[in-house]
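FYI, it's all coordinate maths here, none of it is from the lab. Computed from a predicted model, the values in this text were never measured in an experiment. A quick note on method: Cβ atoms are made from the backbone with ideal geometry, for glycine too, and the neighbour counts reach across all protein chains shown.
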Amino acid sequence: MRKGSLFVVSAPAGCGKDTILNELFKRTDKAGYAVSATTRAPREGEVNGVHYHFLTREEFERKIAKKEVLEYTEYCGNYYGTLSKSVNDLLEQGKDAVLKIEVEGAMNIKKAFPKACLVFILPPSWEVLEKRLRDRGTETEDKIVERTNQARREVEFAANYDYLIVNDDLSEAVDDLLAVFRAERLRRVRNDELLKRFK
Ligand code: 5GP
C-alpha cells in the first residue's frame, strides 16, 4: 500500500483556512486531518479528539518529555503541538496527513521532514483581510489591529512555503488545494516504489 505524505497548511486568522480544509475533507478521503494537542480551552462547538486533543499543561509537558510530539510551540500563552500518533495513524492508513499549524511549527516540520509539502493561504489583499476580520463582528478594534499585525508577521514566512493559494473565491481555493495534493502525490520522489515494479 502507498504510504501517505505530510502536508502543512498555514494561514493568518481570517484567511478561511478552516473553511477551506473542511470543504477539502468533504471532497477527498485520500487525506485526513492530523488532530493537534493544545492547552487552550475548547471554543463553543469544539469537540475533544476532533478539533484538538485538549490537554492540561502537565499532560502536554508529559507528552513532550515522552517525545510524543513532532513539533510544538507556545502561541498566545498556550501550547500547541503535533502528535506523532495523529500523523502516523493517517500515514499508516495510506492517507496524506494534513497539519494545520502556524508558521514556526511549519518551519520545524520542514526541517525535520524535508519532503513535507508546505501550503500557505493568503487573503486577496490586506484590505480584504481587515474587512473580513471586522465583518466577523466578534473582535474589538484593538484585537483587529493586533490580528492584522500578526498576519503581516506570518505572511513574511510565506516565502519559505512550496505553494501559495489566494482565498478570493472559496470553491476555487479548494480546487487549488486539491490540485496541489494531487500533483504532489504524483511526484516521482514520492513514488519510487512504483518505478521498482517496472525494473
Ligand atoms: P486556534 O487557537 O485559533 O485554534 O489556533 C491558533 C494557531 O495555532 C493557528 O495558527 C493554528 O494553525 C496553530 N496550531 C494549531 N495546532 C498546532 C500545532 O499542532 N502546532 C503548531 N505549531 N501550531 C498549531
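Taking every DSSP helix (H) stretch of at least 4 residues in the chain, weighting each as -39,500 (n - 2.57) and dividing the sum by the residue count yields a mean residue ellipticity at 222 nm of -13000 deg cm²/dmol.
Between LEU178 and ILE64, how high is the FRET efficiency from 1/(1 + (r/R0)^6) when r is the Cβ-Cβ distance and R₀ = 35 Å? Nearest 0.05. It comes out at approximately 0.55. Bridging of LYS115 to lysines at a Cα separation below 29 Å is possible for LYS3, LYS17, LYS26, LYS30, LYS63, LYS66, LYS67, LYS85, LYS95, LYS100, LYS196, LYS199, once same-chain residues fewer than 8 apart are set aside.
Looking at the stretch 32-190 only, what percent of DSSP beta bridges run antiparallel? Nearest 5 please.
Details: 8 of 17 bridges.
Expressed as a percentage, antiparallel bridges in the stretch 32-190 total about 45.
The protection proxy used here, the mean number of other Cβ atoms lying within 10 Å of each residue, ranks peptides 143-151, 44-52, 10-18 as follows, highest first: 10-18, 143-151, 44-52. 3J(HN,Hα) couplings calculated from phi for the stretch 190-199 with the Karplus curve 6.51 cos²θ - 1.76 cosθ + 1.60 (θ = phi - 60°) are, in sequence order, 9, 10, 4, 4, 4, 5, 4, 5, 9, 6 Hz; Gly and Pro show x. Relative to the current alpha-carbon distance between GLU92 and VAL189, full extension at 0.36 nm per residue lengthens the span by 33.1 nm. Exposure proxy ranking for VAL189, VAL9, based on other Cβ atoms within 10 angstrom of each Cβ and starting from the fewest, stands as VAL189, VAL9.
Taking amide H atoms as placed 1.01 Å from N in the peptide plane, the amide H of TYR75 lies under 5 Å from those of TYR80, each 5 or more residues away in sequence or on another chain.
Of LYS100, LYS196, how do they rank once you tally other Cβ atoms within 10 Å and put the fewest first?
On the way: LYS100 21, LYS196 8.
In increasing order of surrounding Cβ atoms, one gets LYS196, LYS100.
Remark: the stretch 33-41, residue by residue, has Karplus-estimated 3J(HN,Hα) of 8, 7, 5, 7, 10, 8, 9, 6, 6 Hz, where x stands for each Gly or Pro and the curve is 6.51 cos²θ - 1.76 cosθ + 1.60 at θ = phi - 60°.
Compute the Cα gyration tensor for the chain, then decide on rounded, prolate or oblate, letting a ≥ b ≥ c be the square roots of its eigenvalues: rounded whenever a/c is under 1.5, prolate when a/b is larger than b/c in the other cases, and oblate in all that remain. Could you put the intermediate results ahead of the total?
Values: a/c = 1.89, a/b = 1.27, b/c = 1.49.
Since a/c reaches 1.5 but b/c is at least a/b, the shape of the chain is classed as oblate.
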